[in-house]
Amino acid sequence: MTGQIRRIRALCIFAFLFAVPHLRAEEPAFDGLAKTPPMGWNSWNKFACDVSEELIRETADAMVSSGMKDAGYEYVVIDDCWQVARDENGNIAPDPERFPSGMKALADYVHSKGLKFGLYSDAGTKTCQGRPGSRGFEEKDARQYAAWGVDYLKYDWCNTEGMDTREAYTRMSRALRDAGRPIVFSICEWGSTQPWLWAPGVGHLWRTTGDIQDCWECSQSWGGMGMLHIIDLQENLYPYGGPGHWNDPDMLEVGNGKMTAAEYRSHFSFWCLLAAPLMAGNDLRDMTPETKDILTNREVIAVDQDPLGIQGRKIHDGGAVEVWMKPLSGAARAVILFNRGSVKAPVSVSWEQIGLAPEMEAEVRDLWAREDLGVFKGRFVSRVDPHGVVMIRVQP
């Protein structure tokens, strides 16, 4: 009889685990998420408020058919403007015209493609585009997201007058934990309160700058900034990023048309060297071969996704030319030779600069050319195009 009771108990536990998806052993709890930088797509940079169920379904399809999914991208995230009101019970409601099937059905579709589903909200009373925010509704919204099957939440910081940043984000973090579904929590307060000092354990990633603009070097009065400015702001943040807690220099602009191919390769190279989240922001349904080649370069992506999770840093500043380095597993180094100037220039790196013995021989591979360059002793030098990079992997 005792053996029979044990078997029945075991069967009940087994059935319970599969009846409650968020308890399945293969799904990590909140603190076990984002062990490598999240990869996916977000609607804002290309589409802003022009989001719809049709767009998200087609984007999920394109993420699979384009090879993006195979390259590691998994999150499909709807940014601002999906929500329009709260119902009589205070539940957040999606736009019925743009999302007629509802968020649960849309999340199910994204999941059916082997992908994950994300949404946007705001810590304030309203989102940046004036839609209902989550202030005062944190627990209710977190439970709703869990019920819909949300896997990722981007949480903005508009209309937050009088609020304490750390307290507000901790409140939503606690609500997500209590909701019982593993949801990656993306903190988006634009680096205004140095979240790298307080956000580990609260969120899985945090914005370090204002919003990125699709330009090499520009700025907006409301805080938007060009790609070069954002890179410069990451220089001293490398001690704060790592598995489960990432510095986020904002989403990718690759393929949106206002930078050159060389500038987009520089953009993508730096985000990977910085161990940044890789959230594509272009139209995945209509990519040029050049854009697809940049976004799906698996050797460059491998630098971003390296399991050590070390953020790269600048190791040489020569004015117009710079050298950045990221330690990789297996004693390798990823190195960017960067030319921010307007004319082609030689850029060199010594093994001593990247923490190798000066007389050591090392194999060098060009990650954009996808070719081995040979064995070099002590240093490597290459001529780099203006606004361009040569990105290499150095293996002792």
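The numbers here are math on the coordinates, done by the rules we state, and not lab data. Fair warning: this is a prediction, and the values are worked out from it, not measured in the lab. So basically every Cβ, Gly included, is an ideal-geometry build from the backbone, and we count neighbours across all protein chains shown.
Among HIS387, HIS245, HIS267, rank each residue by its count of other Cβ atoms within 10 Å, from fewest to most, as a rough exposure measure.
In increasing order of surrounding Cβ atoms, one gets HIS245, HIS387, HIS267.
Would you mind calculating the relative contact order of region 318-371 from Cα pairs under 8 angstrom and at least 6 residues apart, reporting the percent as a whole number? Display every interim value, and only then the final one.
Working: 51 pairs, mean separation 13.9, N = 54.
This gives 26 percent for region 318-371.
Using r as the Cβ-Cβ distance of GLU363 and ASN159, and R0 as 56 Å, what FRET efficiency do you calculate, to the nearest 0.05?
Working: r = 53 Å, r/R0 = 0.95.
Approximately 0.55, to the nearest 0.05.
What does the net charge come to around MET325 if you take all other residues with beta carbon closer than 9 Å to its beta carbon, with K and R at +1 and D and E at -1?
Charge balance near MET325 sits at +4.
Can you tell me which aspartates and glutamates have their Cα less than 20 Å from the Cα of LYS140? Leave out same-chain residues fewer than eight positions away.
ASP79, ASP80, ASP87, GLU88, ASP95, ASP122, ASP151, ASP156, GLU167, ASP178
Among DSSP bridges having both ends in the chain, what percentage is antiparallel? Round to the nearest 5.
Working: 40 of 65 bridges.
The answer is about 60 percent antiparallel.
Which residue, LEU176, LEU197, LEU295, tops the fluctuation ranking in a GNM of the chain built on C-alpha contacts under 10 Å?
Result: LEU197 has the largest fluctuation of those listed.
Which entry in (1) 5, 23, 33, 26, 10, 3, 0, 0; (2) 5, 22, 31, 23, 12, 5, 1, 0, 0; (3) 4, 17, 19, 16, 13, 11, 10, 7, 2, 0 is this structure's computed P(r) over Cα pairs in 10 Å bins from 0, in percent?
Only one listed value fits the structure, namely (2).
Give me the percent relative contact order of the chain, please, defined on Cα pairs under 8 angstrom at least 6 residues apart.
It comes to 13 percent, rounded to a whole number.
What is the spin-label model distance, in nm, from ASP31 to SER350 if the labels are put 7 Å beyond Cα along the C-beta direction?
It works out to 4.4 nm between the two label points.
Starting from 0.36 nm per residue, how many nanometres of slack lie between ASP87 and ASP317 once their C-alpha separation is accounted for?
77.2 nm
Run the paramagnetic zone check for ALA48: 7 angstrom along Cα to Cβ, then residues of region 71-104 with backbone nitrogen under 20 Å.
Those under the cut-off are 77-84, 95, 98-99.
Neighbouring Cβ atoms within 10 Å as the yardstick, rank LEU367, LEU356 fewest first.
In order of increasing Cβ crowding within 10 Å: LEU356, LEU367.
Just subtract the alpha-carbon distance of SER219 and SER329 from 0.36 nm times their residue separation and send over the number in nm, one decimal.
This chain segment gains 35.9 nm when fully extended.
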